[in-house]
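I have placed the structure first, in the form of structure tokens, so that the comments after it can refer back to it.
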Amino acid sequence: MVGRDAAAVHGADVFAALRPLLFRLDPERAHDLTIAALETGFGPRARTGDPILATTLAGLALPNPVGLAAGFDKDARVPGAMLRMGFGFVEVGTVTPRAQAGNPKPRVFRLVADAAVINRLGFNNGGVAAAVARLAANRAAGIVGVNIGANKDSTDRIADYVAAARAVQTVADYVTVNISSPNTPGLRGLQDPGELAALLAAVLDAATRPVFVKVAPDLDPAAIDGIARVALDGGVAGLIVSNTTLARPGIASAEAGGLSGAPLFGPSTDILRAFARATGRALPLIGVGGIASGADAYAKLRAGASAVQLYTGLVFHGPGLVGRIATDLAALLRRDGFAGVADAVGVDT
Ligand SMILES: Cc1cc2nc3c(=O)[nH]c(=O)nc-3n(C[C@H](O)[C@H](O)[C@H](O)COP(=O)(O)O)c2cc1C
């Protein structure tokens, strides 16, 4: 155990030392190197199993409610490494039925002063079959969800989601239907209630695992009510709120794509709270957007999230962030007299 603690401290130091070097690289190149390093087994380990953090999400037992958001490990290369880093669950993907290259580079931009990222990757991935083969060969010790999408050139998007949902069911603990990427033209149109109902009927018919639906933060109250109604009627396991935003709150960058990180925290938490109200808290919600501290994760729980996910926080704070969030979240729950995660969910809605 002493060795593990030492490794965790060492990991934080390594990131502090590496950050200036990583930030001199193109963001996508830095990410590819990070994945390659994690694939070789490099990476810190954190103990995030404080019993107060153990919780259940749509029937899935989690050691803690802090998950890795989709997009970090698109091709399911490092779910085990990310669980060892301390995440309570990991979502890989987005994978599409067929491999595709995504948009022209450069397509990921660091906004250092804003602690934010803009990306317009466009579902670059090696296809669902390759991801499934990797997951089958390396069963990770923990909950791994697979996020699925449609190919850009698909002529039948619903058929794409159904094919991907079928393909992942032997390796996925849950499936996320991603209808909120801003980087595949027209994809967000699937959030319209009529289209969403048809999509979900088809996917739920095909899927044998819990199905989550991941939504955009750029929704008006009528759209939120429509999605909530379809989700409640359709039998989905929960909603993931939210993906990146097309809005540019206080951001100078003119790059096209989805914005994530600190500026997304407020808007995505407002939308999360709106979904908690619209669903009457009858549906588990996963809160995502701009989480970079235990206090941020705690605010998402209080706004209605049963669990949270993050990605961009890792870019700016490194892998040690996961353990810090878990430790601080446990302390905040105890400070406020909660016996567990579930007791804090939605107290601020
Ligand atoms: C570079 C990048 C790639 C992403 N790719 C995906 C993706 O493939 N599928 C998806 O559902 N979300 C994707 N996301 C969105 C994240 O999962 C998350 O919803 C969003 O970034 C907000 O959380 P954050 O502020 O903690 O990053 C991506 C985000 C980033 C920054």
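The values are calculated or read from the model by the stated rules, or taken from the named source; none is laboratory data. This is a predicted model, so every value here is computed, not measured. Backbone-built Cβ (ideal geometry, glycine too); neighbour counts: all protein chains shown. Protein only, heavy atoms only, side chains kept; ligands, DNA and RNA dropped before computing areas. Shrake-Rupley method; radii C 1.70, N 1.55, O 1.52, S 1.80 Å.
Among the residues of the range 118-134, write down those that are crowded, with 20+ Cβ neighbours inside 10 Å and away from the ligand (no atom under 15 Å from the Cβ).
Answer for the range 118-134, where residues must be crowded, with 20+ Cβ neighbours inside 10 Å and away from the ligand (no atom under 15 Å from the Cβ): just VAL132.
Among the residues of the range 204-225, what is the count of those that are within 21 Å of the chain's Cα centre (by Cα), over 20 Å from THR279 (Cα atoms) and either part of a helix (DSSP H, G or I) or among the small types (Gly, Ala, Ser) (or both)?
Selection size over the range 204-225: 1.
Give the range 13-32 a look and list any residue that's out of contact with any helix residue (DSSP H, G or I) (no Cβ under 8 Å at 6 or more places or on another chain) and of a type in the set (A, V, I, L, M), or say none.
Within the range 13-32, VAL14, ALA16, ALA17, LEU18, LEU21 meet the criteria.
Every residue in the range 173-198 that is surrounded by fewer than 24 Cβ atoms within 10 Å (Cβ to Cβ) and of a type in the set (A, V, I, L, M, F, W, C), please.
Result: LEU187, LEU190, LEU196, ALA197, ALA198.
Do you know which residues across the range 288-327 are in contact (Cβ under 8 Å) with a residue 40 or more places away in the chain and touching a His at 6+ places or on another chain (Cβ under 9 Å)?
ALA292, VAL315 - these are the residues of the range 288-327 that are in contact (Cβ under 8 Å) with a residue 40 or more places away in the chain and touching a His at 6+ places or on another chain (Cβ under 9 Å).
Counting just the residues of the range 331-349 that are hydrophobic (A, V, I, L, M, F, W, C) and more than 16 Å from ALA305 (Cβ to Cβ), which one comes out least open to solvent (accessible area, probe 1.4 Å)? Can you show your working first?
So in the range 331-349, the residues hydrophobic (A, V, I, L, M, F, W, C) come out as 331-333, 338-339, 341-342, 344-345, 347.
Then drop every residue that is not more than 16 Å from ALA305 (Cβ to Cβ), which leaves 331, 339.
Details: ALA331: 58, ALA339: 84 Å².
Only one residue tops the list, namely ALA331.
Which one of these does LEU264 not meet: (1) part of a loop (DSSP other than H, G, I, E, B); (2) within 24 Å of GLY122 (Cα to Cα)?
Result: LEU264 passes all but (1).
Note down all Cβ pairs under 8 Å where the first residue falls in the range 265-278 and is within 16 Å of the ligand (Cβ to nearest atom), the second is basic (Lys, Arg) and in a helix (DSSP H, G or I), and they're at least six residues apart or on different chains.
Pairs found: THR269/LYS300; LEU272/LYS300.
Would you confirm, using the coordinates I've provided, whether ARG47 is of a type in the set (D, E, K, R) and not in a helix (DSSP H, G or I)?
Working: of a type in the set (D, E, K, R): yes; not in a helix (DSSP H, G or I): yes.
So ARG47 passes the test.
Tell me which residues, restricted to the range 226-261, are assigned to a loop (DSSP other than H, G, I, E, B) and open to solvent by less than 40 Å² (accessible area, probe 1.4 Å).
So in the range 226-261, the residues assigned to a loop (DSSP other than H, G, I, E, B) come out as 235-237, 242-244, 246-257.
Matches in the range 226-261: VAL236, ALA237, SER242, ASN243, THR244, ILE251, SER253, GLY257.
Suppose we filter ALA172, ALA201, ALA159 for residues that are modelled with pLDDT of 95 or more, farther than 30 Å from ALA256 by Cα and more than 20 Å from the chain's Cα centre (by Cα); which single one remains?
The conditions single out ALA201.
For the range 197-227, enumerate the residues that are within 16 Å of the ligand (Cβ to nearest atom), farther than 30 Å from LEU83 by Cα and not β-branched (Val, Ile, Thr).
LEU199, ASP218, LEU219
Looking only at the range 272-290, how many residues end up being of a type in the set (A, V, I, L, M, F, W, C) and either surrounded by 24 or more Cβ atoms within 10 Å (Cβ to Cβ) or touching a Cys at 6+ places or on another chain (Cβ under 9 Å) (or both)?
Quick first cut of the range 272-290, residues of a type in the set (A, V, I, L, M, F, W, C) only: 272, 274-276, 278, 282-283, 285-286, 288.
Of the ones still in play, those that are also either surrounded by 24 or more Cβ atoms within 10 Å (Cβ to Cβ) or touching a Cys at 6+ places or on another chain (Cβ under 9 Å) (or both) are 272, 275-276, 285-286, 288.
Summing the residues that are of a type in the set (A, V, I, L, M, F, W, C) and either surrounded by 24 or more Cβ atoms within 10 Å (Cβ to Cβ) or touching a Cys at 6+ places or on another chain (Cβ under 9 Å) (or both) in the range 272-290 gives 6.
Sort through ALA81, ALA70 and tell me the only one that's modelled with pLDDT of 95 or more and in a helix (DSSP H, G or I).
Values: ALA70 fails: in a helix (DSSP H, G or I).
Answer to the check: ALA81.
Within the range 296-319, identify whether any single residue is part of a loop (DSSP other than H, G, I, E, B), within 22 Å of ARG335 (Cβ to Cβ), open to solvent by less than 10 Å² (accessible area, probe 1.4 Å) and near the ligand (Cβ under 9 Å from one of its atoms), and answer yes or no.
Scanning the range 296-319, I find no residue that is part of a loop (DSSP other than H, G, I, E, B), within 22 Å of ARG335 (Cβ to Cβ), open to solvent by less than 10 Å² (accessible area, probe 1.4 Å) and near the ligand (Cβ under 9 Å from one of its atoms), so the answer is no.
So which of ARG110, ARG134, ARG166, ARG139 ends up being farther than 23 Å from SER260 by Cα, not in a helix (DSSP H, G or I) and not aromatic (Phe, Trp, Tyr)?
Values: ARG110 fails: farther than 23 Å from SER260 by Cα; ARG134 fails: not in a helix (DSSP H, G or I); ARG166 fails: not in a helix (DSSP H, G or I).
After ruling out the rest, the residue left standing is ARG139.
Kindly provide the set of residues from the range 59-109 that are open to solvent by less than 10 Å² (accessible area, probe 1.4 Å), within 23 Å of ARG45 (Cβ to Cβ) and within 14 Å of the ligand (Cβ to nearest atom), ordered by number.
Within the range 59-109, VAL66, GLY67, LEU68, ALA69, ASP73, ALA76, MET82, PHE87, PHE89, VAL90, GLU91, VAL92 meet the criteria.
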